[in-house]
Amino acid sequence: MRDDSKLVVGNVKYSSRSPVVEMNFKKIWLAALVISACLAWQLISAAAQARPWVHPESFTLSNGLQVVVLPDHRAPVVTHMLWYRVGSADEMPGKSGIAHFLEHLMFKGTGKIPPGEFSKIVARLGGQDNAFTSYDFTTYFQRVALDKLPQVMEMEADRMVNLRLTDKVVLPERDVILEERNSRTDNNPAALFSEQIEAAQFLSHPYGRPVIGWRREMETLTTQDALAHYRKHYGPDNAYLIVAGDIDAATLRPLAEKYYGGLAPHGIPERVRPQEPPQLAARRLEMTDDRVVEPSWQRSYLAPSHNKPGEGDPDALQVFSQILGGGASSRLYRNLIIDKPVATSAAASYEGIALDYGQFYLHAAPRKGQTVAVLEQEIEKILAQIMKDGVTAEEVDRAKRQMVASAVYAQDSQESMAQIFGNVLATGRSVDDIIAWPDRIQTVTPERVNAAAKFILRPENSVTGILLPGKKSPGKKS
C-alpha cells in the first residue's frame, strides 16, 4: 500500500534492518498491487488443505517459552525464528522508535559474541539472518542447514539475556536508524503522507505512531532507553520460537531445553495500551509535494481485528475486501479500470491480523486526464451500490476460491510458513485458530458479507487522503 520506513506485509507494518528483507517479505507475502492482510490467513488455508506435510507441533518449556515446529522434510534446511511479544505499540510515550532501535542493537554483541559478529558467524555457517519490528512484535530469524541449528539457537538464547550495550556502539547506531528514516520516509512523500493518515486514524492508540519512530524522539533515544526496553520485555516468558524445516518436535525439544530451557523467566508485565475513543467525525487530509509525480487517493476505515472482533466479522471482511478490490474481477477494478476507465489502479485490503485494531483500506490512482475528484465520485458510487444492493452469492463463492488459489504458489516456502504462524500467534491467536481458518471461511455467506460491509463503511470511522503533485512537480495534474 505504501513505501515508507514501515515495511508493509499484508498491510502489517514492519521496519527492518535490511532492504533485502523487505524484498524477501514482499515476495513471500504475495501481491501485485498491495498485499492484503487476509492473505496471511489464505496462505495458511492453502497450506493446510493442499500441503499434507504441514502438521504443526507445539510444546512449552517450563520457563514459559512457547515452541512451534513446522516440519518440512524436502531439504535439510531449517528456518529458526524467535518472536518477542513486544513492538512499537508497547513503547513508552516520548520514546517512539525504541523497539526498532533495540532490534538493531541486538546485533551489537554479548560477552561471548563481539559487536557486529552475529551476522558474520551466521554467514560463515552458510546461513542468512535478519530481524524486523512491527507494532505488535519484534522478530529475529536465521535460515541455516539443519546441522547448524544448535549453534544459532545457542547464539539467539545468549543475546536474549546477555546483551551488552554502551554509548560507543549505541550512539553510532542511532545515526543509522535516523538515516534509515531519512531514506525511506523523509525523502518519500507517499511515506510521509501515510504517517499522517495513520496518525489521523488513531486518536489515542499507539498504532498511530510510525514503527520507526518520530524523528525528534528518535534523536533523543539513549543507551539507557534501549537497556530499559530490553530488560522489561526480553525474556523466555515473553517470546515464542518457531522452527520450520527438516525437523520435528521430538528432535527439536532436547535442543530447545538445552539452549533456552535454562533461561529464567522475567515475569513480563501485562501489555496495557491506550484504547480508541468512539470516532465521531470523518477526517480528510490533503498534501501537496513537489516530488509527487502522479496524484493518488486513499481511505482507511478503523476495523475490528481477528483478535478483537467486537461486533464485527473479520472473516466476512476478508471476503468483502476480495470482492471489492482483490483483483481483476473485483468491483473496483471492473468499474474503474475496465468499464469506466478513470483509474490506473484501484484496490481494497483488510488488515485484520493485529493485537488490537484492524484497518480496511481503499486506494486508487486516476488515469491521465482524470482528476482525483472524479475518481472519488466513482468510488463513492460503487460503495453506495454495495450498501444498497449488497454482493451476490456468485461473488462470495468466487472470492473464496480466489483467496485459496492465490496462495497455492506461496505454500512451498518454509520461511513464509514460519512468518505466518508467528504473525498470527503474536497477535493473540492460536495454532488451532490458524488451522481452523478454511472451515471458518467456508461458512461466510452473502448475508454476512453485506452486514460486514455496512459495519465497516461508516464515514465517522474513516480517514480520506489525497496526495497531489506540487507546482514544480513534473507532469503535474490537478
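Tabulated data
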read-out: Complete set of residues in segment 455-464 that are assigned to a helix (DSSP H, G or I) and either closer than 13 Å to SER321 by Cα or in contact with a Leu (Cβ under 9 Å, 6 or more places away or on another chain) (or both); value: PHE455, ILE456, GLU460, ASN461
read-out: Lone unmet requirement of (1) buried (at least 17 other Cβ atoms within 10 Å of the Cβ); (2) under 20 Å from the mean Cα position of the chain (by Cα); (3) over 30 Å from LYS148 (Cβ atoms); (4) not basic (Lys, Arg) for PRO295; value: (2)
read-out: Those residues of segment 316-356 which are charged (D, E, K, R) and either more than 25 Å from the chain's Cα centre (by Cα) or at pLDDT below 95 (or both), in sequence order; value: ARG331, ARG334, ASP339, LYS340
read-out: Residue match in segment 425-441 (condition: aliphatic (A, V, I, L, M) and more than 30 Å from ARG85 (Cβ to Cβ)); value: no
read-out: ALA199 being of a type in the set (A, V, I, L, M, F, W, C), surrounded by fewer than 21 Cβ atoms within 10 Å (Cβ to Cβ) and either at pLDDT 95 or above or within 23 Å of ALA364 (Cβ to Cβ) (or both); value: yes
read-out: Some residue of segment 81-96 being crowded, with 24+ Cβ neighbours inside 10 Å, modelled with pLDDT under 95 and either of a type in the set (Asp, Glu) or assigned to a loop (DSSP other than H, G, I, E, B) (or both); value: no
read-out: Tally, over segment 312-353, of residues that are of a type outside the set (Val, Ile, Thr) and over 21 Å from ILE434 (Cα atoms); value: 21
read-out: Residues of segment 157-181 classified as β-branched (Val, Ile, Thr), in a loop (DSSP other than H, G, I, E, B) and closer than 30 Å to LEU255 by Cα, total; value: 0
read-out: Within segment 264-291, considering residues that are in contact with a Gly (Cβ under 7 Å, 6 or more places away or on another chain) and part of a loop (DSSP other than H, G, I, E, B), the one farthest from SER88 (Cα to Cα); value: ASP290
read-out: Residue satisfying condition, being more than 24 Å from TYR240 (Cβ to Cβ) and free of Cβ contacts under 8 Å to residues at least 24 places away in the same chain, within set GLU179, GLU173; value: GLU179
read-out: Residues being under 23 Å from ASN63 (Cβ atoms), part of a strand (DSSP E or B) and over 24 Å from the mean Cα position of the chain (by Cα) - total across segment 126-156; value: 0
read-out: Selected residue [in contact with a Lys or Arg (Cβ under 9 Å, 6 or more places away or on another chain), among the basic types (Lys, Arg) and crowded, with 19+ Cβ neighbours inside 10 Å] from ARG215, ARG181, ARG174, ARG209; value: ARG181
read-out: Residue list for segment 247-263, restricted to those being touching a Pro at 6+ places or on another chain (Cβ under 8 Å) and outside any helix (DSSP H, G or I); value: ILE247, ASP248, TYR260, LEU263
read-out: Residues of segment 111-125 satisfying the condition of being free of Cβ contacts under 8 Å to residues at least 12 places away in the same chain and outside any helix (DSSP H, G or I); value: PRO114, GLY116, GLU117
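The values are calculated or read from the model by the stated rules, or taken from the named source; none is laboratory data. Not measured: the values here are computed from a predicted model. Counting neighbours? That spans all protein chains shown, and the Cβs are built from the backbone with ideal geometry, glycine included.
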